[in-house]
Structures are given as C-alpha cells and as structure tokens.
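The values are calculated or read from the model by the stated rules, or taken from the named source; none is laboratory data. All figures in this text were calculated on a predicted structure; none of them were measured in a lab. Cβ sites come from the backbone with ideal geometry, for glycine too, and all protein chains shown count toward neighbours.
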Amino acid sequence: MDSNSFKKHYILDLMLLTDTDSKSEMLFLTSSGILTGKPITDEKYLTDPNLKSYVDYSDSSCKKFKSDIGVNEGSLPGDQGVLLLQDVKLKNGAITINIPFLSLFFADIDAVSIGSFPD
C-alpha cells in the first residue's frame, strides 16, 4: 500500500479489516452525516455492469489526473484520492439514504470506525 498521508494510510489499513469480516462495514463521519459502506468486491464488479462502468471510469479518470500532474506510480499526494464504496448508507439525523455505490474523497472524511448501523 502506497499512501503518503497518515489519514489515507490509516483508513486503508482499517478497510482491510472489513474484508475479513462480512458483517463489519466502514463508518465515515463527514460533514453530510455518517456513511457506511464496504470496498467494492471483485464479485460485484464482475456481475454488475453499471458498477463495472462506474469503476472503470473512475480508474481511467484517476490515471489521467495522475498523468496530468506527473504522478506515475503510487497514490496521489496528501489527502487527494478517492475510496470507491458499495452498499452505502448515509445517515443524517432521522433520515437514511441507501446508495448502491459511491466515490468518497479522502478530504471529506473527518473520522472513521468499523461497525454498522442497527437495522
């Protein structure tokens, strides 16, 4: 893992824990509310054509941006970068919004944890 900010390094390390526990999700505190979600799995990527198009576009966009700013390998500098999440829920007060997949920018994350919303 090549991350050049402690924030990114810490978040990416925590995300590895959710890969080993199917019940755990990442929780992200943002200015919009609390988001939960999981990293996009290969299985879902291969079986959902909308998700595949979304991930492929995101990957292409990131590669082009890195090329434009002269970063050929590794992660983007500082808190630049994005997490692609699936099965996302945004909770803001009494409202919960379900989102099939979402790009969450590192700069928008204020705090992180592991767990899930109660059903």
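Quick check: is even one residue across segment 54-75 in contact with a Phe, Trp or Tyr (Cβ under 7 Å, 6 or more places away or on another chain), over 24 Å from S116 (Cβ atoms), part of a helix (DSSP H, G or I) and not hydrophobic (A, V, I, L, M, F, W, C)?
The answer is no; no qualifying residue exists.
When restricted to residues that are under 14 Å from T30 (Cβ atoms) and hydrophobic (A, V, I, L, M, F, W, C), segment 75-98 contains 6. Residue count for segment 6-44 under the criterion of being modelled with pLDDT of 85 or more and outside any helix (DSSP H, G or I): the result is 16.
Residue-by-condition table, conditions (1) farther than 22 Å from D42 by Cβ; (2) touching a helix residue (DSSP H, G or I) at 6+ places or on another chain (Cβ under 6 Å):
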{"position": "Y54", "(1), (2)": "no, no"}
{"position": "D68", "(1), (2)": "yes, no"}
{"position": "N72", "(1), (2)": "yes, no"}
{"position": "L83", "(1), (2)": "no, no"}
{"position": "V112", "(1), (2)": "yes, yes"}
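When residues in segment 55-83 are screened for being in contact (Cβ under 8 Å) with a residue 24 or more places away in the chain and either of a type in the set (D, E, K, R) or surrounded by fewer than 18 Cβ atoms within 10 Å (Cβ to Cβ) (or both), 7 of them pass. S103 passes every criterion in (1) touching a Gly at 6+ places or on another chain (Cβ under 8 Å); (2) under 25 Å from F6 (Cα atoms); (3) not in a loop (DSSP other than H, G, I, E, B) apart from (1).
Only one entry of I95, I34 meets the criterion of being among the β-branched types (V, I, T) and either surrounded by fewer than 11 Cβ atoms within 10 Å (Cβ to Cβ) or touching a helix residue (DSSP H, G or I) at 6+ places or on another chain (Cβ under 6 Å) (or both), and that entry is I95.
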